[in-house]
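Chemist: A single structure is presented below for examination.
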Amino acid sequence: MNPAHKQCCTLPPVQAEYTPKGSFGELDGLKTYQTGPTDTGKAILMVYDVFGFAPQILQGADLLASAGYRVVMPDFLKGAYAEGSMFDGTPEGDAKKIAYITGPGKPDSEGQAVAIAAALAALKAQGYASVGTVGFCWGWKAAITAKDVNQFSAIAGVHPSFVGKDDYEGLDIPVCLLPSGGEDKETVDSLYASLEKKNPGKNFLKWYPNEAHGWCAARGDLSGGEHTDAYAEAYQLLVNFFNKYV
């Protein structure tokens, strides 16, 4: 299996409890978590990981919204999330996992490319002139392969999966990368170098080598301590990045 997304497909999600501050509505016909002010003209489109609306990522959406953004997270997988049985270490579980990431969980499918572009267009039609996007795990590849990706003001990838050295080729906007210890360092560092060569001084990279893949989403440990601190810092770095470019 490609080391760039090995941990995405081997670790189960961590459970956490959180009472969201936002609410569920619709965006372009998709169930969507919505939070934050509606009158700033700035929005962030979040593309979750394969575990969907986990409490940890809902809390992350609220953290971004607290900085003055309208934050929306559509259900791009339409409820077809990864299941715990895919990670039980059995041949049957492995088979389910492969079927998932090559089927409904395939990040760079035509359907996802169109859906993310449609969500961006819907936000702009609502008056959000500047829109950033952040993809978590699976969401990184889904976001960067979306149609009209350069209509976003900026893009971020948090513990990104399916990273390729050539991911820079279709991107002409500022990029923020926050990889964990689960990503392949040589691949991500090469990608960042190419981004900087293409668009110097407008990108950001910070490694979290002590964090598991998924620490800002479904695998986040919010029980306190260093992992919770890393989670909080990562969301603050996202705010700093989006404040600069969105």
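Chemist: With ASP62, ASP49 as the choices, which residue is of a type in the set (D, E, K, R), under 23 Å from HIS227 (Cβ atoms) and either at pLDDT 95 or above or surrounded by fewer than 22 Cβ atoms within 10 Å (Cβ to Cβ) (or both)?
Modeler: ASP62
Chemist: With respect to the numbered conditions (1) within 24 Å of ALA218 (Cβ to Cβ); (2) modelled with pLDDT under 95; (3) surrounded by fewer than 16 Cβ atoms within 10 Å (Cβ to Cβ), which one is the sole condition not fulfilled by LYS185?
Modeler: The number of the failed condition is (2).
Chemist: Same structure, new question: Where in segment 54-147 are the helices (runs of 4 or more DSSP H), entirely inside, with at least 2 residues that are touching a residue at least 12 places away in the same chain (Cβ under 8 Å) and among the charged types (D, E, K, R)?
Modeler: 91-101
Chemist: May I pose another question? Is it the case that segment 204-212 has a residue that's assigned to a helix (DSSP H, G or I), in contact with a Lys or Arg (Cβ under 9 Å, 6 or more places away or on another chain), modelled with pLDDT under 95 and on the phi < 0 side of the Ramachandran plot?
Modeler: No, there is no match, as no residue in segment 204-212 is assigned to a helix (DSSP H, G or I), in contact with a Lys or Arg (Cβ under 9 Å, 6 or more places away or on another chain), modelled with pLDDT under 95 and on the phi < 0 side of the Ramachandran plot.
Chemist: Identify all residues within segment 202-226 that are closer than 17 Å to LEU237 by Cβ and either over 15 Å from the mean Cα position of the chain (by Cα) or surrounded by fewer than 21 Cβ atoms within 10 Å (Cβ to Cβ) (or both); write none if there are none.
Modeler: The answer is LYS202, ASN203, PHE204, LEU205, LYS206, TRP207, TYR208, PRO209, ASN210, GLU211, GLU226.
Chemist: Can I ask one more? Within the bounds of segment 25-46, is there any residue that is outside any loop (DSSP other than H, G, I, E, B), free of Cβ contacts under 8 Å to residues at least 12 places away in the same chain and touching a strand residue (DSSP E or B) at 6+ places or on another chain (Cβ under 8 Å)?
Modeler: yes
Chemist: Right, another one. Please state which one of THR35, THR90 is β-branched (Val, Ile, Thr), surrounded by fewer than 15 Cβ atoms within 10 Å (Cβ to Cβ) and at pLDDT 90 or above.
Modeler: Answer to the selection: THR90.
Chemist: From the residues in segment 148-190 that are among the acidic types (Asp, Glu) and assigned to a helix (DSSP H, G or I), which one is nearest to VAL50 (Cα to Cα)?
Modeler: By that ranking, first place goes to ASP167.
The values are calculated or read from the model by the stated rules, or taken from the named source; none is laboratory data. In this text, all values refer to a predicted model and were calculated from it rather than measured experimentally. A quick note on method: Cβ atoms are made from the backbone with ideal geometry, for glycine too, and the neighbour counts reach across all protein chains shown.
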